[in-house]
Each structure stands twice: as C-alpha cells, then as structure tokens.
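This report concerns only the one structure given below.
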Amino acid sequence: MKSGKTCATKEISADESAWADFLISKAALVLSSIVFFAALFQLAAGFKDLEAQEELDFLARDFKAAVDGAGAESFPEDNQETSYRFDENEVFFSSPFRENIEVYVSGEYACLKGESGGENFTAVRPFTFRVLPFNESELRGKLYTRFGSDGSEGYPLSADFQEISEFLRVSGTGEAVLKADDNISIRKEHVYIKGSGGVSAFEYILVYQ
C-alpha cells in the first residue's frame, strides 16, 4: 500500500515537471517570437530611414549639380540666369519630406534638412565654384560699401584681388534659408578689377530667392 502511494506521488511529480517544462518551453517560444518581430520591425525601420537619407542625399546632389552646372557653363551675355525647383523632381514627391525640406545655402555648401518618423536627416554637399547666397543688388551694395565701387564692368574695383576675394568669402559664410517649393535663382555674375595690366574679371555664382 505504501509502495502504491509512492508510485502515485512520483507520477504526479513527473506530470507537474512535464507541465512546467511545457510552460517554460511555451514562454521561451513566445519570448523568442517577440524578440524576432521586434528585430524585424527595427530592421524595417532601419531600411526606411536609410531610404529617406538616400533620397535627401539625392536631392542635395541634384541641387549642387545645378549650381555647379551654372558655374561650368558659358552663358550668353544676355542670359546669365537659370532657376531650380525641388518640387519639379520626382524624388521630392516620393520622399517622406516633401515641402518640409529645409534648404540652407552658404558660399561653401548646400545643406538640406528634413524630418520623418521622428528622426532628423541632413544632407550636405560642397560647391565646386565660388558661390554667394545673395542676389546681384546685395553683391554690388556690399562691394560699394567696402571698396567705394560696385565691381561692375563700368565701375571696376581698384583693390587687391586677394583682399576682394577674402571679403566676399567672409560675406558668403552665413547661411541663406530658401524655400523648397519656390523658384531658386542661380545666376553667374562677374566682379571686375582694374589693375596695372588693365581690367580683369572673376566669376561668382549667386544663389537666392
């Protein structure tokens, strides 16, 4: 009789142990599933962020190419200005940023900033040519205020080239904020200098709205 009770007790213990093992296995399976799906979600979010960054990089490269193209091209004398619009680019509409893209231009680079899904993205591209983030009137006004002449063909500057170049470099370090959903003017402009060898000119690309 005593042996029967012992056997029954062992069977109950074995059943409880098996049930505990089952629950532990089930919990481990659920936990591993949660970890797997969390990792999968994180991976998908990572790919989405990567795609958003690539689209912003593309737009920054495309804008830089437009500005550099103006610097490389020889415009006819009566047509020295072109324009650029971000909202004419298919990538602009397919990106998660669209009109929320912030455009910053300085004399050295173009910087695009955007926000998507709570994440901030930035794309920066340096210009190849000399760029100034203001229009012709501002350029002439700055030169006249500093040197007493506006540097146009009829009123060339008499200062040293290095001094003029450094002045304009410093003047162009500030960032101009441009609207992505409006025309951005890109204009090649000449600054004339009068030296002992006569009048010479050097070019700047003006980027402004």
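The values are calculated or read from the model by the stated rules, or taken from the named source; none is laboratory data. Note that the coordinates shown come from a computational prediction; the quantities given were computed from them, not determined experimentally. Cβ atoms come from the backbone with ideal geometry, glycine included; neighbour counts cover every protein chain shown.
A compact table of results
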| item | result |
| --- | --- |
| Yes/no for SER200 being touching a helix residue (DSSP H, G or I) at 6+ places or on another chain (Cβ under 9 Å) and of a type in the set (Ser, Thr, Tyr) | yes |
| Residues that are farther than 18 Å from SER185 by Cβ and either over 13 Å from the mean Cα position of the chain (by Cα) or of a type in the set (Asp, Glu) (or both), drawn from the range 99-115 | GLU99, GLU102, GLU108, GLU115 |
| Index of the failed condition, PRO96 passing every other in (1) in contact with a helix residue (DSSP H, G or I) (Cβ under 6 Å, 6 or more places away or on another chain); (2) under 20 Å from GLY71 (Cα atoms) | (2) |
| The range 158-178 residues that are closer than 22 Å to GLU102 by Cα and of a type in the set (S, T, N, Q), paired with ones that are modelled with pLDDT of 95 or more and part of a strand (DSSP E or B) (beta carbon under 8 Å, 6 or more apart) | SER171/LEU132 |
| Any hit, the range 46-64, residues being in contact with a helix residue (DSSP H, G or I) (Cβ under 8 Å, 6 or more places away or on another chain), of a type in the set (Asp, Glu) and either under 29 Å from SER94 (Cα atoms) or at pLDDT below 55 (or both) | yes |
| Whichever residue in the range 97-141 is hydroxyl-bearing (Ser, Thr, Tyr) and in a loop (DSSP other than H, G, I, E, B) and, among such residues, is surrounded by the fewest Cβ atoms within 10 Å (Cβ to Cβ) | THR128 |
| Extreme residue, surrounded by the fewest Cβ atoms within 10 Å (Cβ to Cβ), among residues of the range 142-188 that are part of a strand (DSSP E or B) and either basic (Lys, Arg) or at pLDDT below 95 (or both) | LYS179 |
| Residue within the range 77-91 that is at pLDDT 60 or above, under 30 Å from ALA123 (Cα atoms) and among the basic types (Lys, Arg) present | yes |
| Of all residues making up the range 186-209, the number that are among the small types (Gly, Ala, Ser) and more than 21 Å from TYR144 (Cβ to Cβ) | 3 |
| Condition check for LYS194: of a type in the set (Lys, Arg), in contact (Cβ under 8 Å) with a residue 12 or more places away in the chain and under 24 Å from GLU55 (Cα atoms) | no |
